[in-house]
Amino acid sequence: MVTHIDKHWNMVGVYSATHFFVDFACAFLMFRSIAGTPESYLCVLFYNFCAFAMQMPLGIIADKINRNSFFAIFGCVLVGLAYGFVHIPIAAVIIIGIGNAMFHIGGGIDVLNISDKKLAPLGIFVAPGAFGIYYGAMLGKGSDLSAIFIPLALIAVAALIFISYRAQRETYPKNATFSLDGIHSLHIPIAISCLFCVVFLRSFVGLELDFPWKGIGYFGTVLVCAVVFGKIIGGFAADRFGVAKTSFFSLGIATTLFLFPMIPLAGATAVLLFNMTMPITLWALVKTLPGAKGFAFGLLTFGLFLGFLPKYLNVEILTETSFLVAVLAAGSLVLLLVGIRMAKL
């Protein structure tokens, strides 16, 4: 039997590659042109709000208009267009943030529609963004790469999305009719709240982690690889062993390893295991709100935005970092398992 994922696997690859380029372009612009400007502190807030918090209302629009590929393409165009506004930093970050949000929503809904009951494609789609941010920031701080090539690359990947979609549009999966049916049932709001809190904690913990060895040699690259491959492995593991078992073992072991932050192998493995539940959380919420995939995607990215705020505002919450990070990881496990249970997955 041929499934959507068999017929449209190439679109998952196209969107995953584009995810790298979009996040690379955003990080590169922020570090090359925005960092160091008088408006940089405010620009960081505006960018994160537009890129993450705005995905929720944009997700509702995308759910309703059912033009996911074109939503993603327009997002790529906006990200490239932002490079023409670098002399107006606030305008540049608003444009690039909205473009980032539109690509993630459009590409995310498409991958969710294609993957159907599988999590592996979702893990593959979300993973490359971490590489994009890492290398975009690295090259943005330098002077070797000319910025002119980045909008050109974005135009190329946008064209690739368009060509790939046109080649298979007759059999391309469509959005479900927008609906929030079932949300009035008590177990659904509980599931949504638990899954939202998991993402908030993942964002908060991820920004608070500061391993003493990450700046030594290639350990920074190792940590980024742990984030990327954790998301990919999480999708495949959930397909093979189930979402509950994968969540229990990955977060359970990560909780223990976070207690040993001085040991590079323990810390990197903890980060990999901690990120394995990223595609699981998103998939679980989408299954809870099957008629509102874009809204579900955006609701969780709003949780990412809220998790960013304490770090941005320099609010000191964690003192004994390793112990409290382990506690928060354990709390994430409990919330995720309750959310999965309440969603009846």
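FYI, it's all coordinate maths here, none of it is from the lab. Everything quoted here is computed from the prediction, not taken from an experiment.
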Problem set entry | Descending semi-axes in whole angstrom, ellipsoid equivalent of the chain, from the Cα gyration tensor | 28, 27, 19
Problem set entry | MRE, 222 nm, helices only [DSSP H, n ≥ 4, -39500 (n - 2.57), over the chain, to nearest 500] | -24000 deg cm²/dmol
For this session: Inverting the mean 1/r over all pairs of different Cα atoms, compute the Kirkwood radius of segment 256-318 and quote it in Å.
Result: 14.0
For this session: May I ask you to evaluate 6.51 cos²θ - 1.76 cosθ + 1.60, the Karplus curve with θ = phi - 60°, for each residue of segment 102-113 and list the ³J(HN,Hα) values in order in whole Hz, giving x for glycine and proline?
Result: 5, 4, 4, 5, x, x, x, 5, 4, 5, 5, 5
Exercise. Just Ala137, Ala238, Ala159 to compare: in a GNM of the chain, with alpha carbon springs under 10 Å, which one fluctuates most?
Worked result: Ala159
Seminar exercise, completed: Cα extents of segment 197-345 along the principal axes, largest first, in whole Å, come to 46, 36, 24
Problem set entry | Separation of alpha-carbon centers, segment 247-282 and segment 79-154, rounded to whole Å | 26
Problem set entry | Spherically averaged projected area in nm², based on the convex hull that wraps the Cα atoms of segment 192-280 | 5.5
For this session: Largest first and in whole Å, give the semi-axes of segment 15-84's equivalent ellipsoid, each being the square root of 5 times a Cα gyration tensor eigenvalue.
Result: 24, 15, 9
For this session: Springs between alpha-carbon atoms under 10 Å, Gaussian network over the chain: tell me which of Asp144, Asp23, Asp110 tops the mean-square fluctuations.
Result: Asp144
Exercise. Plugging the Kirkwood radius over Cα pairs into Stokes-Einstein for segment 4-171, at a temperature of 25 °C and a viscosity of 0.890 mPa s, what D comes out in µm²/s?
Worked result: 154
Exercise. So which residue, out of Thr255, Thr246, Thr221, gets the largest mean-square fluctuation from a GNM of the chain using Cα contacts under 10 Å as springs?
Worked result: Thr221
For this session: May I ask you to evaluate 6.51 cos²θ - 1.76 cosθ + 1.60, the Karplus curve with θ = phi - 60°, for each residue of segment 335-341 and list the ³J(HN,Hα) values in order in whole Hz, giving x for glycine and proline?
Result: 4, 5, 5, 5, x, 5, 5
